[in-house]
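See below for the structure under consideration.
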Amino acid sequence: MSGLCQSCSMPLKKDPNGGGTEADGQKSEKYCSLCYEAGEFKQPNFTVSEMQDFCVEQLQKQGMPKFMAWLFTRGLPKLERWQ
């Protein structure tokens, strides 16, 4: 699963900011800028279910049908953040 955000599964190459940032300012190799900034998660109290709902909403805003967006989020529980 390298190349995918280990929180939301967005391909890191599609991140408009090139990835999240670590506390020291370096780019994160694991997390996107929508999930992670300055070494901390932007939604620290989210459950995996809440992250799935958030991702479906964001994908729908980009024009993806709800069912397709839902399918894209089914693998989230397997990502590193949720283990």
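The values are calculated or read from the model by the stated rules, or taken from the named source; none is laboratory data. Since the structure is predicted, the reported quantities are computational estimates derived from the model, not experimental observations. Methodologically, a virtual Cβ is constructed for each residue, glycine included, from the backbone with ideal geometry; neighbour enumeration extends over all protein chains shown.
What residue, of Gly19, Gly63, is surrounded by fewer than 18 Cβ atoms within 10 Å (Cβ to Cβ), assigned to a loop (DSSP other than H, G, I, E, B) and not hydroxyl-bearing (Ser, Thr, Tyr)?
Residue meeting the stated conditions: Gly63.
Assuming Arg74 fulfils every condition listed in (1) modelled with pLDDT of 95 or more; (2) surrounded by 11 or more Cβ atoms within 10 Å (Cβ to Cβ) apart from one, which condition is it?
It is condition (2) that Arg74 fails.
If you check Gln6 against the conditions, is it under 20 Å from Lys78 (Cβ atoms), in contact with a helix residue (DSSP H, G or I) (Cβ under 9 Å, 6 or more places away or on another chain) and in contact (Cβ under 8 Å) with a residue 60 or more places away in the chain? Please lay out each step first, then the result.
Values: under 20 Å from Lys78 (Cβ atoms): yes; in contact with a helix residue (DSSP H, G or I) (Cβ under 9 Å, 6 or more places away or on another chain): yes; in contact (Cβ under 8 Å) with a residue 60 or more places away in the chain: yes.
Against the criterion (under 20 Å from Lys78 (Cβ atoms), in contact with a helix residue (DSSP H, G or I) (Cβ under 9 Å, 6 or more places away or on another chain) and in contact (Cβ under 8 Å) with a residue 60 or more places away in the chain), Gln6 qualifies.
Give me the pairs: first residue in the stretch 66-83 and over 12 Å from Ser7 (Cβ atoms), second residue assigned to a helix (DSSP H, G or I) and not polar (S, T, N, Q), beta-carbon distance under 6 Å, and six or more apart or on different chains, which are they?
Ala69/Val56; Ala69/Leu59; Trp70/Val56
Residues of the stretch 9-19 being more than 16 Å from Leu79 (Cα to Cα) and either in contact (Cβ under 8 Å) with a residue 12 or more places away in the chain or among the small types (Gly, Ala, Ser) (or both), which ones?
Asp15, Pro16, Asn17, Gly18, Gly19
Could you please give the count of residues in the stretch 24-51 that are in contact (Cβ under 8 Å) with a residue 40 or more places away in the chain, surrounded by 19 or more Cβ atoms within 10 Å (Cβ to Cβ) and assigned to a strand (DSSP E or B)?
Qualifying residue count, the stretch 24-51: 0.
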